[in-house]
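Shown next, in structure tokens, is the structure this report addresses.
The values are calculated or read from the model by the stated rules, or taken from the named source; none is laboratory data. Computed from a predicted structure; not experimentally measured. Cβ placement follows ideal geometry from the backbone for every residue including glycine, while neighbour counts extend to all protein chains displayed. Accessible surface areas use protein heavy atoms only, side chains included; no ligands, DNA or RNA. Shrake-Rupley method; radii C 1.70, N 1.55, O 1.52, S 1.80 Å.
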Amino acid sequence: QVQLVESGGGLVQAGGSLRLSCAASPTIFSINIKGWYRQGPGKRRDVVATLTRSGAAIYADSVEGRFTISRDNANNTVYLQMNSIELTDTGVYYCNAYVGDDAYWGQGTQVTVSS
């Protein structure tokens, strides 16, 4: 049973920073943590940042230059460093992973940005 556990969310002022973590278990090579998605209030879930197998990062236009996604393969963990946070970054952030063709999601971590 694959589990993804997100952490690091919270309340942050606009302009501040947060670092989200997504830990996958069990630690098996076949788990491919793809990246981060978010769902803002009343909005659909959209991609924020993803990693290819080779480690290349792809960002949504809205976060390009402000967020950085990285992966720790040894610990099967993916991070999202969020800098220069904006009010529109408010939402629930979800981690996404694949094992073969099967997709898995974490429970999400809430990020709330205040002015």
remark   = If exposed means trypsin sites (Lys or Arg not before Pro) lying in a DSSP loop and surrounded by at most 14 other beta carbons within 10 Å, then the longest stretch of the chain lacking such sites spans residues 54-115
key: Net dipole in debye of the stretch 11-115 [+1 Lys, Arg Cβ; -1 Asp, Glu Cβ; about Cα centre; nearest 20]   = 60 debye
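How large is the convex hull of the C-alpha atoms of the stretch 60-115 per residue, in Å³? Walk me through the numbers before you get to the answer.
On the way: hull volume 5.9 nm³, N = 56.
Measuring per residue, one finds 105 Å³ for the Cα hull of the stretch 60-115.
Counting pairwise Cα distances across the chain, what percent come out greater than 16 angstrom?
Summing the P(r) tail past 16 Å for the chain gives 55 percent.
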note = Cα convex hull volume per residue for the stretch 17-66, in Å³, equals 114 Å³
query = Of the heavy-atom accessible surface of the chain (probe 1.4 angstrom), what whole percent is carbon and sulfur?
reply = 49 percent
key: Residue-by-residue Karplus 3J(HN,Hα) for the stretch 62-69, coefficients 6.51, -1.76, 1.60, Hz, glycine and proline x   = 5, 10, 3, x, 10, 10, 9, 9
Relative contact order [Cα under 8 Å, 6+ residues apart], the stretch 12-115, whole percent = 36 percent
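What accessible area per residue comes out for the stretch 1-91, rounded to a whole number of Å², with a 1.4 Å probe?
54 Å²
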